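J.: Okay, here's the structure, questions in a sec.
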């Protein structure tokens, strides 16, 4: 019994007791509900014993020896009620072919106030009861009780861990959607406090070792970082780390984790304000794609300005005109999503693609319905990469404070917006005007600079083919005349060259589409 208790806990002990009783053994609550059970339960209905033997039952009117089959659930419930009313230390009842034996687990006073909550060992065995079975069950009570208490404590710990994990996930979601005051209010009950400014790290854990890596991360930085289990990628941890002054500050955590855990890969963002956690996450995800190809298995994001920072006032006017139908949308029914929820859905889908269902905790049909509504409101075809890129840029401009955006010399306020023009063609024209700005042209040149010269070389042709095929591998391989694995290898090499994630969302494909479009506009007469 001690060996079974150490290695298998209450489950193995109950299975062993059921075999020794040649029947059914379980732990029942004070109302007779079976909490854990083992033995020969009939397939014909819940909690019915099928006679002698410990193998699977086949059901029917009688057991293996033709005995009648009692309803274990009702039998145990009646027995527990009688045991509780009498305050006895043991109870037995004969049902003709079977005998019910009940023993309260130690640790509860049968005469005290908690006697109604005492779990009970219940055994149903064929008559006559085997010699010494009652003594054996009495001896098994102590190890079974210890196992049950330890397992109860472990279940409570897991519930607490799950509640804390969900709370941290909710705070991260609020940060990602720009709801900083609410995030800080919710984070006040947790530790540590949210730092500001921050560096965001994404840790890709080997196998099923995410909990172990989380403990390593906590030790590596002294518990100063927010550690969140990614709701989208089952092997990822997201770290929101304090960004201290100095070029080497914050590097110790990612280097230490990559060195301490074999197979662990870490990407870290640049220093960003807490309100820009979403930007930091994208940067860290791109750095993670680069780190996979490095022997050190950790990488920092190369500083590159966000396109939202270089579009100027013209870009803000364009984004406002594009998003106005979405941001002013009033749902017809109270249960329908409002403008804020639709905007968060669009941002999540653009970042995580089909994984947005995990991020938003919605059904895929709900996500599809919301995307159809968003497309109708904005006059966009969200199946096209061009429209996806335009919406992504507009949402990023909206989340960027206006004073941060650069303004070209001599640029003046304009009252006309794309919302005053006709449909998607006018919006596309306005976007082209934004992409012609000198600051945006400079941004595009920096984005495409890592591609091998000359312009239009093999690397750029692979990238263009992939973007023309809406980021789908199969059509890209067909257009290039190579296999799908070959196309994947080329894009993986491009991730290393561009130092951006392409194949897994969040992907840099929107920025690259905008950069290539800006280059085309610069070359056009």
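The values are calculated or read from the model by the stated rules, or taken from the named source; none is laboratory data. Everything numeric here is computed off the predicted structure, so don't read it as measured data. A quick note on method: Cβ atoms are made from the backbone with ideal geometry, for glycine too, and the neighbour counts reach across all protein chains shown.
Yes or no, residue by residue, for (1) free of Cβ contacts under 8 Å to residues at least 12 places away in the same chain; (2) more than 23 Å from residue 280 (Cβ to Cβ):
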{"position": "439", "(1), (2)": "no, no"}
{"position": "446", "(1), (2)": "no, no"}
{"position": "462", "(1), (2)": "no, yes"}
{"position": "466", "(1), (2)": "no, yes"}
{"position": "471", "(1), (2)": "no, yes"}
{"position": "498", "(1), (2)": "no, no"}
{"position": "501", "(1), (2)": "no, no"}
{"position": "511", "(1), (2)": "no, no"}
{"position": "520", "(1), (2)": "yes, yes"}
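J.: If you check residue 199 against the conditions, is it farther than 30 Å from residue 106 by Cβ and surrounded by 14 or more Cβ atoms within 10 Å (Cβ to Cβ)?
T.: The answer is yes for residue 199.
J.: Next question, about the same structure. Can you work out which of the residues in the stretch 451-473 that are assigned to a loop (DSSP other than H, G, I, E, B) and at pLDDT below 90 is surrounded by the most Cβ atoms within 10 Å (Cβ to Cβ)?
T.: 451
J.: Ok, one more. Checking the condition outside any helix (DSSP H, G or I) and outside the structural domain of residue 383 (by TED's automatic domain parsing), which residue from 331, 337, 295 passes?
T.: On the way: 331 fails: outside the structural domain of residue 383 (by TED's automatic domain parsing); 337 fails: outside the structural domain of residue 383 (by TED's automatic domain parsing).
The unique qualifying residue is 295.
J.: Of the residues 218, 170, 234, 183, only one is at negative phi, outside any strand (DSSP E or B) and surrounded by fewer than 14 Cβ atoms within 10 Å (Cβ to Cβ); which?
T.: Testing whether each residue is at negative phi, outside any strand (DSSP E or B) and surrounded by fewer than 14 Cβ atoms within 10 Å (Cβ to Cβ) leaves just 234.
J.: Let me ask you something else. Please work out which residue is farthest from residue 400 (Cα to Cα), limiting yourself to the stretch 192-204 and to residues that are in a loop (DSSP other than H, G, I, E, B) and touching a residue at least 24 places away in the same chain (Cβ under 8 Å).
T.: 192
J.: Shifting gears a bit: Consider the stretch 357-371. How many of its residues are assigned to a helix (DSSP H, G or I) and at pLDDT below 90?
T.: So in the stretch 357-371, the residues assigned to a helix (DSSP H, G or I) come out as 357-360, 364-371.
After this cut, where a residue has to be at pLDDT below 90 as well, the list is 358-360.
Number satisfying all stated conditions: 3.
J.: Just to be sure, is residue 207 assigned to a loop (DSSP other than H, G, I, E, B), in the same structural domain as residue 275 (by TED's automatic domain parsing) and either surrounded by fewer than 14 Cβ atoms within 10 Å (Cβ to Cβ) or touching a helix residue (DSSP H, G or I) at 6+ places or on another chain (Cβ under 6 Å) (or both)?
T.: So residue 207 passes the test.
J.: Among the residues of the stretch 355-382, how many are in contact with a helix residue (DSSP H, G or I) (Cβ under 6 Å, 6 or more places away or on another chain), within 19 Å of residue 323 (Cα to Cα) and surrounded by fewer than 15 Cβ atoms within 10 Å (Cβ to Cβ)?
T.: Matching residues across the stretch 355-382 total 1.
J.: When residue 90 is evaluated against the numbered criteria (1) at pLDDT 80 or above; (2) crowded, with 17+ Cβ neighbours inside 10 Å, which criterion, by number, is the only one it fails?
T.: Going through (1) at pLDDT 80 or above; (2) crowded, with 17+ Cβ neighbours inside 10 Å one by one, residue 90 breaks only (2).
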